[in-house]
Amino acid sequence: CSTKGVFFWRINQAKYEGAGARAEALLLSVLGRFGFRQAKSAAEASLIWANCFEEKLWASASYSLINHFPRSCELSHKNRLYTALARSGCRYLPESFVLPRDRALLDQALRRVPSTGAASITASVSECAKGSIHWIVKPGQSGGGRGVTVLRCDADPQSVDAALGAADAACAAAKAPIVVSSYIESPLLVDGRKVDLRLYVLVTAFGEHAGETSAYLFSEGLVRFASEKYSLTTESLSVPFVHLTNNEVNARNKCAASGLPQSKRSRRDSGNWSLHRFWQWLRQNPPAGHGESDVVESTWQRIRELAFEAVDSARPVISTAMLAHPAERRSHCFELFGLDVLLDQNLWPWLCEVNGLPSLGVGGAPDLDIDTAMLTELFTKLLGSPQSPCWVETRAKSESDVA
């Protein structure tokens with residue numbers, strides 16, 4: 001297609017506003033630098049930006065780039081992601097169970113009986129994940145912190161029954177599978193608050209064989225904060241502002257940790273940090289046992305491994321789905337994923353979830369600046385220079401990395 005047009009496709013064309021509309025505005029602004037304009041149909045576009053993979057779009061625009069792979073929901077749906085990671089033996093996920101399928105295994109785990117079977121993942125690489133008496137419950141196909149709860153279970157029969165009852169209720173409310181994971185009780189704290197990293201991964205190919213996934217990690221990212229001090233008291237477990245770092249959740253906190261009511265905070269102050277600022281803080285405040293010289297590099301290398309293991313876990317399903325399409329179209333797919341990563345007090349990274357359509361252009365100044373730079377470099381890589389230095393290859397773990 002010779003026309004440099006971008007076509008935006010949504011499942012529900014009539015109800016698209018808010019974050020989705022801001023993302024499209026940002027994309028148009030960035031793509032304008034590459035000579036793109038908004039197209040009125042997929043047939044006249046050289047790029048399709050959709051909120052999910054849609055067969056009919058690909059059929060009507062066979063030469064267009066499209067921003068999703070078929071079956072990429074294997075990554076963006078938490079229940080599917082955790083199942084895929086269990087199959088691949090990922091080291092970066094706490095012990096996890098998909099309900100209702102794994103209810104019996106969860107029952108065993110709550111009673112501290114070692115669980116068995118491919119569906120459960122026991123992460124033994126970090127002390128922070130061992131012996132947890134707290135569990136986090138997440139809907140398998142929802143985002144924005146909706147439906148997430150933290151439970152305490154002390155292994156006595158009454159406590160186990162109560163925890164299982166709460167998990168069953170969450171599953172019934174979600175009307176879909178849920179994920180129950182061992183809660184990381186000792187996260188890395190910044191100023192006493194829990195943080196997570198929103199990182200961007202660009203995938204340009206899912207190969208047929210192991211190790212053939214082409215995935216790149218953007219060198220910048222966002223660091224998001226819970227808006228209340230971290231605590232594991234019984235009273236705090238029901239307070240989302242203590243345990244969740246989602247911007248959408250913490251925006252509802254009427255009195256943020258800064259001491260200023262949200263109504264008086266600048267709209268350009270989301271409270272997020274850039275990843276670069278976080279690395280500076282970490283060098284100045286390395287946890288015990290970590291030297292200032294290696295703390296960032298070693299953490300970044302583990303994150304690169306996590307990113308590869310996460311996206312490559314879905315390779316068998318996605319690559320098989322790709323084979324159903326003509327060979328000349330398979331190289332036209334790419335996908336931008338948002339990985340949410342939690343660091344524990346030992347700086348071991350834990351994967352929280354993978355977002356198939358990460359929010360763009362929302363939040364404060366750091367968010368907008370980083371999203372703009374990331375999208376600019378993304379399209380530079382896709383349309384211009386494949387060797388963009390801002391995107392680093394993820395990597396599979398080497399034998400020397402395995403203890």
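The values are calculated or read from the model by the stated rules, or taken from the named source; none is laboratory data. This is a predicted model, so every value here is computed, not measured. Reconstructed Cβ throughout: ideal geometry from the backbone, glycine too, with neighbour counts over all protein chains shown. The area values use the complete protein model at the heavy-atom level, side chains included, leaving out ligands, DNA and RNA. Shrake-Rupley method; radii C 1.70, N 1.55, O 1.52, S 1.80 Å.
Structure notes:
- The stretch 146-177, subset among the hydrophobic types (A, V, I, L, M, F, W, C), in a loop (DSSP other than H, G, I, E, B) and in contact (Cβ under 8 Å) with a residue 60 or more places away in the chain, residue farthest from residue 241 (Cα to Cα): 176
- Some residue of the stretch 291-308 being closer than 22 Å to residue 391 by Cα, open to solvent by 30 Å² or more (accessible area, probe 1.4 Å), touching a residue at least 40 places away in the same chain (Cβ under 8 Å) and of a type in the set (Gly, Ala, Ser): yes
- Just so you know, in the stretch 131-144 the residues that are farther than 18 Å from residue 73 by Cα and in contact (Cβ under 8 Å) with a residue 12 or more places away in the chain include one that is surrounded by the most Cβ atoms within 10 Å (Cβ to Cβ), and it is 135.
- Among the residues of this structure, residue 335 does not count as one that is of a type outside the set (Phe, Trp, Tyr) and open to solvent by 30 Å² or more (accessible area, probe 1.4 Å).
- Pairing each residue of the stretch 241-265 that is farther than 21 Å from residue 231 by Cα with any residue that is among the small types (Gly, Ala, Ser) and modelled with pLDDT under 75, provided the two are 6+ apart or on different chains, yields C-beta distances under 9 Å for 262/256; 265/256; 265/258.
- Test: residue in the stretch 57-64 that is modelled with pLDDT of 90 or more, on the phi < 0 side of the Ramachandran plot and in a helix (DSSP H, G or I): no
- Among residues of the stretch 55-106, those that are closer than 26 Å to residue 173 by Cβ, without any contact (Cβ under 8 Å) to a residue 24 or more places away in the chain and open to solvent by 40 Å² or more (accessible area, probe 1.4 Å), counted: 1
- The set of residues in the stretch 357-378 that are farther than 18 Å from residue 51 by Cα and surrounded by fewer than 20 Cβ atoms within 10 Å (Cβ to Cβ) comprises 364, 365, 368, 369, 372, 373, 376.
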